[in-house]
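Presented below is the structure to which this report refers.
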Amino acid sequence: MNRVVITGMGVIAPNAHGLEDFEQALRQGRSGIRHMSRLEELNFSCQVAGVPQEYEALAREYFAPDRLVAMNSGMIFTGIAGLDCWRDAGLPVADPIEGPVDWETGAVIGTGVGGVDTLGDVVFPRVKEGKVRRIGSTSVEQTMASAVSGCLGGLLALGGQVTTNSSACTTGTEAVIQAWWHLKAGRARRMMAGGAEGVSEYIWGGFDAMRVLARGFNDRPEEASRPMSASASGFVPGSGAGILMLETLESAQERGARIYAEVVGGHVNCGGQRNGGSTTAPNPEGVRRCILGALASAGLSPDDIDVVNGHLTATMADPLEVQNWASVLQRAPEDFPWINSTKSLIGHGLGAAGGMECVASVLQLSRGFVHGSANCQDLHPALEPYKSRIPHQTRETDARILAKASFGFGDVNGCVLFRKWE
Amino acid sequence: MDQQTALEKVTTIIKPYAKNLAPLEEGNLDARILEDLGVNSARLVDIILAFEDEFEISIDDETADKVRTINDAVRIVSSQA
């Protein structure tokens with residue numbers, strides 16, 4: 001079986017675009033959550049969200065007009081993060097018309113909901129008005145489930161498997177694990193992996209109706225995303241994309257690529273929506289089995305984990321998540337890994353969350369820091385024992401193993417383990 | 001509508017869809033929209049819709065299928081506008 005390493009990354013998140021800016025945003029605790037006047041007009045209870053800033057202007061710099069006419073926001077985020085990732089990996093971008101196909105590289109780019117902005121703004125109104133002809137030619141490629149991976153495959157002339165996975169909020173992390181399996185088995189030299197989610201009131205409206213979005217912070221957007229806090233009131237909806245270049249170690253060394261980290265383990269499963277699990281809540285046994293499965297696949301023990309980048313969305317599930325980690329790791333609170341939530345700074349990117357947070361995780365490992373988890377100075381009482389292991393400010397570390405977990409509706413779980421490259 | 005005005009409007013509409021702008025810049029009326037300008041064939045649908053909006057005309061499918069060059073487009077829109 002091949003060893004698999006990470007040789008490139010790209011990110012466009014609510015608080016930053018590009019690796020250097022993202023690192024600084026994480027280190028400084030810079031929030032990307034803003035008040036959204038559109039959500040106020042629409043009478044949302046939650047009127048704050050995480051949207052990559054000025055992304056439309058950026059899109060005009062990245063993409064030719066003929067391509068941009070068929071790209072909704074999720075595809076734009078995928079394209080920007082994907083091109084950045086490709087260049088960061090030191091690979092040449094093919095000519096958009098005549099360039100050669102790279103038969104050795106594929107992609108698993110997930111999305112949670114997909115192009116619902118295009119459906120809501122273009123397709124539904126015209127169909128209902130009996131004006132199907134007026135839909136034009138670009139709606140299918142923007143609303144098919146695989147719109148994001150299809151877009152990236154065309155931009156970079158990818159010739160391996162190019163596909164989209166979707167498993168709610170586990171999506172981005174699951175994509176990384178699927179790509180890792182693919183490369184371990186020798187099916188390609190490189191796989192781009194991650195997740196993307198567009199900006200859409202149609203996506204967020206359903207969560208608002210469920211009363212799971214943050215309430216009471218519309219006038220203080222940067223304080224609204226409060227994972228692990230006693231005053232957490234729901235998650236802040238987010239958007240963006242994070243994409244990683246996974247590559248066999250052999251291929252990376254052959255071409256002298258810079259290596260950020262190794263993917264040493266991973267597991268995905270489902271709790272079966274039993275024993276406390278449901279469509280919207282995790283079966284604790286499923287979560288524990290997922291983490292243990294990831295450790296077993298890496299040949300690591302619970303004591304080896306130095307950092308946990310949690311799912312930790314700012315709902316009532318946060319204490320349960322930490323309890324599940326404690327149950328699996330069996331480590332005393334003072335000996336617990338560092339645990340933080342990137343969502344405290346960027347909100348919950350849904351299908352993009354795992355992608356953006358895997359980029360944040362690998363950046364932290366490779367550059368020797370653990371970013372402060374914002375807005376949890378008033379820690380949830382159930383988490384008090386772990387107080388010393390939840391950083392409020394960024395700390396320099398020599399952490400070697402980071403566990404990134406994501407959990408999603410449908411009772412699905414994903415956990416990937418990264419090892420610092422030394 | 002005079003031919004020059006129609007040509008300017010047609011060019012403006014097609015330009016965002018073209019990968020190769022040279023024939024438009026040279027004013028080559030015989031340039032083929034797909035082959036020479038590099039327009040994705042699916043986008044002809046959007047170009048025809050844009051002609052309808054801009055010139056306040058209706059172009060049936062049979063007529064739309066005959067639009068192959070810049071000249072074809074100018075002739076069709078100016079005959080109806």
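The values are calculated or read from the model by the stated rules, or taken from the named source; none is laboratory data. No experiment lies behind these values; they were computed from the predicted model shown. Positions of Cβ are backbone-derived with ideal geometry, glycine not excepted, and every protein chain shown enters the neighbour counts.
Key figures for this structure:
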quantity	calculated
Counted residues, segment B:44-76 - those being exposed (fewer than 15 other Cβ atoms within 10 Å of the Cβ), closer than 14 Å to B:Ile33 by Cα and within 11 Å of chain A (Cβ to nearest Cβ)	0
Filter result for A:Leu119 (in contact with a helix residue (DSSP H, G or I) (Cβ under 6 Å, 6 or more places away or on another chain) and either touching a residue at least 60 places away in the same chain (Cβ under 8 Å) or farther than 30 Å from A:Arg3 by Cβ (or both))	yes
Any chance B:Val39 is over 18 Å from A:Arg67 (Cα atoms), outside any strand (DSSP E or B) and either more than 14 Å from every other protein chain (Cβ to nearest Cβ) or in contact with a helix residue (DSSP H, G or I) (Cβ under 8 Å, 6 or more places away or on another chain) (or both)	no
Matching residues in segment A:117-167 - criterion: being away from every other protein chain (no Cβ under 14 Å), of a type outside the set (A, V, I, L, M) and not in a helix (DSSP H, G or I)	A:Glu129, A:Gly130, A:Ser146, A:Gly159, A:Gly160, A:Gln161, A:Thr163, A:Thr164, A:Asn165, A:Ser166, A:Ser167
Tally, over segment A:178-204, of residues that are on the phi > 0 side of the Ramachandran plot and touching a Lys or Arg at 6+ places or on another chain (Cβ under 7 Å)	0
Residues that are of a type in the set (Val, Ile, Thr) and either closer than 22 Å to A:Val308 by Cβ or more than 16 Å from the chain's Cα centre (by Cα) (or both), drawn from segment A:216-254	A:Val236, A:Thr248
For A:Gly114: the one exception among (1) at pLDDT 95 or above; (2) more than 14 Å from every other protein chain (Cβ to nearest Cβ)	(1)
Residue count, segment A:310-327 (criterion: touching a Phe, Trp or Tyr at 6+ places or on another chain (Cβ under 9 Å) and either at pLDDT below 95 or within 22 Å of A:Gly355 (Cα to Cα) (or both))	9
Answer residue from segment A:43-80, given it is small (Gly, Ala, Ser) and within 14 Å of chain B (Cβ to nearest Cβ) and is surrounded by the most Cβ atoms within 10 Å (Cβ to Cβ) among those	A:Ala70
Segment A:33-61: number of residues that are of a type outside the set (Ser, Thr, Tyr) and free of Cβ contacts under 8 Å to residues at least 24 places away in the same chain	9
Residue list for segment A:396-422, filter: in a strand (DSSP E or B), within 23 Å of A:Ile6 (Cα to Cα) and not small (Gly, Ala, Ser)	A:Glu396, A:Ile401, A:Leu402, A:Lys404, A:Phe407, A:Asn413, A:Cys415, A:Val416, A:Leu417, A:Phe418, A:Arg419, A:Lys420
Residues within segment A:95-108 that are part of a loop (DSSP other than H, G, I, E, B) and among the aliphatic types (A, V, I, L, M), tallied	2
Residue count, segment B:2-28 (criterion: within 13 Å of chain A (Cβ to nearest Cβ), touching a residue at least 12 places away in the same chain (Cβ under 8 Å) and polar (S, T, N, Q))	1
Segment A:60-91 - residue that is under 26 Å from A:Thr7 (Cβ atoms) and hydroxyl-bearing (Ser, Thr, Tyr) and, of those, farthest from the chain's Cα centre (by Cα)	A:Tyr62
Segment A:340-363, residues that are touching a Phe, Trp or Tyr at 6+ places or on another chain (Cβ under 9 Å) and surrounded by 24 or more Cβ atoms within 10 Å (Cβ to Cβ)	A:Lys343, A:Gly347, A:His348, A:Leu350, A:Ala352, A:Met356, A:Cys358, A:Val359, A:Ala360, A:Ser361, A:Val362
Qualifying residue in segment B:29-36 (condition: assigned to a loop (DSSP other than H, G, I, E, B), more than 14 Å from chain A (Cβ to nearest Cβ), buried (at least 16 other Cβ atoms within 10 Å of the Cβ) and not small (Gly, Ala, Ser))	yes
Residues satisfying the stated conditions in segment A:233-264, i.e. over 11 Å from A:Ile6 (Cα atoms), touching a Cys at 6+ places or on another chain (Cβ under 8 Å) and not β-branched (Val, Ile, Thr)	A:Gly234, A:Pro237, A:Gly242
Only listed residue being in the same structural domain as A:Gly240 (by TED's automatic domain parsing) and either more than 18 Å from A:Gln364 (Cβ to Cβ) or touching a Ser or Thr at 6+ places or on another chain (Cβ under 7 Å) (or both), chosen from A:Asp21, A:Asp84, A:Asp88	A:Asp84
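Yes/no per residue for (1) in a helix (DSSP H, G or I); (2) farther than 23 Å from A:Pro302 by Cβ; (3) among the aromatic types (Phe, Trp, Tyr); (4) free of Cβ contacts under 8 Å to residues at least 60 places away in the same chain:
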position	(1), (2), (3), (4)
A:Glu334	yes, no, no, yes
A:Ser344	yes, yes, no, no
A:Ala352	yes, yes, no, no
A:Met356	yes, yes, no, no
A:Ala360	yes, no, no, no
A:Gln364	yes, no, no, no
A:Ser373	no, no, no, no
A:Cys376	no, yes, no, no
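Every residue, every condition in (1) more than 28 Å from A:Phe235 (Cβ to Cβ); (2) modelled with pLDDT under 95, yes or no:
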| site | (1), (2) |
| --- | --- |
| A:Ile33 | no, no |
| A:Asn43 | no, no |
| A:Tyr62 | yes, no |
| A:Trp86 | yes, no |
| A:Asp95 | yes, yes |
| A:Thr105 | yes, no |
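Matching residues to (1) outside the structural domain of A:Ala147 (by TED's automatic domain parsing); (2) over 13 Å from A:Gly310 (Cα atoms); (3) in contact with a Cys (Cβ under 7 Å, 6 or more places away or on another chain):
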{"residue": "A:Leu350", "(1), (2), (3)": "yes, yes, yes"}
{"residue": "A:Gly354", "(1), (2), (3)": "yes, no, no"}
{"residue": "A:Ser361", "(1), (2), (3)": "yes, no, no"}
{"residue": "A:Phe369", "(1), (2), (3)": "yes, yes, no"}
{"residue": "A:Ala374", "(1), (2), (3)": "yes, yes, no"}
